[in-house]
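Some notes on the structure that comes next.
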Amino acid sequence: MNIQDASQYLTPNYGRFPITLVKGQGSRVWDDAGNSYLDFMAGIAVNTLGHAHPAMIETITKQAATMLHCSNLYFNPQQNQLAKKLVELSALDKVFFCNSGAEANEAAIKLARKYFHDQGLQKYGIITATQSFHGRTMQTIAATGQDKVKAGFAPLPAGFKHVPFNDLPALKAAIDDSTAAIMLEPLQGEGGVNLANIEYLEGVRALCDERDILLIFDEIQTGIGRCGTMFAFEKAGVKPDILTLAKGLGGGVPIGAMLATEKVGASLSAGSHGTTFGGNPMSCAVALTVLDVMEKDDLLNNVQARSAQLQTGLQKLVATYAIFEEVRGDGLLLGIKANIEVVPIINACLGNGLLVLAAGPQVLRFLPALNISEAEITEGLDILNQSIKGLDL
Ligand SMILES: *Cc1c(COP(=O)(O)O)cnc(C)c1O
């Protein structure tokens, strides 16, 4: 089916690039016309191990022949093991599994409110940052600090406030007796690749402790090695009370997770929350494999090395082209800020065989697989450079 025909059947909610992808291998994908592309976006930070990784194929094949789903009315070994693994990696205590990032944040927001409700306290307010992105459900668009995701969906759930990112006095001023939680991305992805200062995160943690407020880190994009440590919060040495994960966790299978401390997690009592698909044996088995390969192949080291390489290359572009202002981000969640709209650059890259994405109108974002090679980074930088040169800017 061609793109025009497909558009007849699909809701028009995505601004899609006009290609149809049919297969992938490592950091390369192919369209239905046989063109190949180097993949510098990994399905929006999802394909942690690239495409068609042999260990994932083996796990998926084995698990499909064993059990796909059994519901949360029973235990399953894959969910048990993945929970243990995530607890060991994060130093948080309890895990709830779901199927997406927005669902993980929904669980986090519900848990924060329930935690204070259980103590008989009227604390329900959630403070988030402007330019944040927390998902597309009603609660998570209310949580998101960008008007464009809210437009047309009023009335939105109440109890959300937004404050400028990296501005501790503004946050302090927004806190009142009804504040239950502060929810932040340690590195804002969709909102323009904006990195939180360590002093800011330390200050937020101190404020939360002082005022009996929960700190929620949305690491749906930054978690699972993306920033060169398993979780971005490790770099700041600031531990949240609640942590949300999704995107890279399943390496391509849908899975989300919400982690909490023992004390907070206890409020998600029997019957208070749930999901049919969350924590199914298939998605948990694949997530375990993703974590296993990351460890065996020392991918955190690769993220750091490839990040340095990519940053050096992007800095050269900033030095060469007046349209670029700065390189931002961390690990393999990097951005280059332009003073023009970046869509023409993305289209030129697509035409030359490189997939990159935007983070807002003026930021090019790079999110390659964590196992991308040195040669592939070099190749991607070359295509990017050629694509910019070819534009009449
Ligand atoms: C992608 C993303 C979400 C939403 O995840 P979905 O799986 O699309 O629901 C939430 N928060 C952040 C930081 C994200 O990057």
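The values are calculated or read from the model by the stated rules, or taken from the named source; none is laboratory data. As the structure is a computational prediction, the values presented were derived from the model and not from experiment. Heads up, the Cβs are rebuilt from the backbone with ideal geometry, glycines too, and the neighbour counts pull from every protein chain shown. Keep in mind that these areas ignore ligands, DNA and RNA; they rest on the heavy atoms of the full protein, side chains included. Shrake-Rupley method; radii C 1.70, N 1.55, O 1.52, S 1.80 Å.
If the limit is 27 Å between Cα atoms, which of LYS110/LYS172; LYS62/LYS84; LYS85/LYS263; LYS84/LYS263; LYS84/LYS148 go over it?
Exceeds cut-off: LYS84/LYS148.
Taking every alpha carbon pair in the chain, what does the distance histogram look like in 10 angstrom bins from 0, in percent?
Pair shares across the bins are 5, 23, 32, 27, 12, 2, 0.
Run the Debye formula on the Cα coordinates of the range 54-95, all scatterers equal and no solvent, and tell me log10 I(q)/I(0) at q = 0.24, 0.31, 0.35 1/Å.
-0.90, -1.00, -1.08
Take the Cβ-Cβ distance between ASP177 and ALA305 as r, set R0 to 51 Å, and report the resulting FRET efficiency rounded to the nearest 0.05. Show your work: numbers first, answer last.
Numbers: r = 48 Å, r/R0 = 0.94.
Between ASP177 and ALA305 the formula returns 0.60.
Accessible area, 1.4 Å probe, largest first: how do THR320, THR229 sort?
Largest accessible area first, the residues go THR320, THR229.
What is the gain in length, in nm to one decimal, between ASP209 and PHE75 on full extension, counting 0.36 nm per residue of separation less the C-alpha to C-alpha distance? Write down the numbers at each step before the final one.
Working: separation 134, 0.36 × 134 = 48.24 nm, distance 3.49 nm.
Extra length available between ASP209 and PHE75 comes to 44.7 nm.
Just grab the label-to-label distance for GLN386 and ASP297, each label 7 Å out from Cα along the Cβ direction, in nm (one decimal).
Label at GLN386, label at ASP297, 2.6 nm between them.
If you average the sequence gap of Cα pairs under 8 Å that are 6 or more apart and divide by the length of the range 67-296, what percent do you get for the contact order? Mind showing how you got there, number by number?
Numbers: 450 pairs, mean separation 69.0, N = 230.
The normalised contact order for the range 67-296 reaches 30 percent.
By how many degrees, between 0 and 90 and to the nearest 10, does the Cα long axis of helix 374-389 differ from the longest principal axis of the chain?
70
In terms of Cα to Cα distance under 14 Å, which aspartates and glutamates are near enough to LYS94, apart from those fewer than 8 places away along the same chain?
Leaving aside aspartates and glutamates fewer than 8 places away in the same chain, those within reach of LYS94 are ASP241, GLU262.
Explain nothing, just the number: relative contact order of the chain, from Cα pairs under 8 Å at least 6 residues apart, as a whole percent.
With pairs under 8 Å counted, the relative contact order is 22 percent.
Among the lysines, which fall within straight-line cross-link reach of LYS316, defined as a Cα-Cα distance under 20 Å, with same-chain neighbours fewer than 8 residues apart omitted?
Answer for LYS316, where 20 Å is the Cα cut-off: LYS337, LYS389, listed by chain and number.
What's the longest uninterrupted piece of the chain once you rule out the chymotrypsin sites (Phe, Trp or Tyr not before Pro) that are loop residues per DSSP with at most 11 other Cβ within 10 Å?
In short, 154-393.
In 10 Å bins starting at zero, report the fraction of Cα pairs in the range 144-301 per bin as a rounded %.
For the range 144-301, the pair-distance distribution reads 9, 33, 37, 19, 2.
Relative contact order of the range 1-97: what whole-number percent is it, with Cα pairs under 8 angstrom and at least 6 residues apart?
RCO, the range 1-97: 14 percent.
How far is the Cα center of the range 239-298 from the Cα center of the range 108-130, in Å?
21
Can you pull the one-decimal nm distance between simple spin-label points at ARG136 and ASN347, each 7 Å off the Cα toward Cβ?
For the pair ARG136/ASN347, the computed spacing is 2.3 nm.
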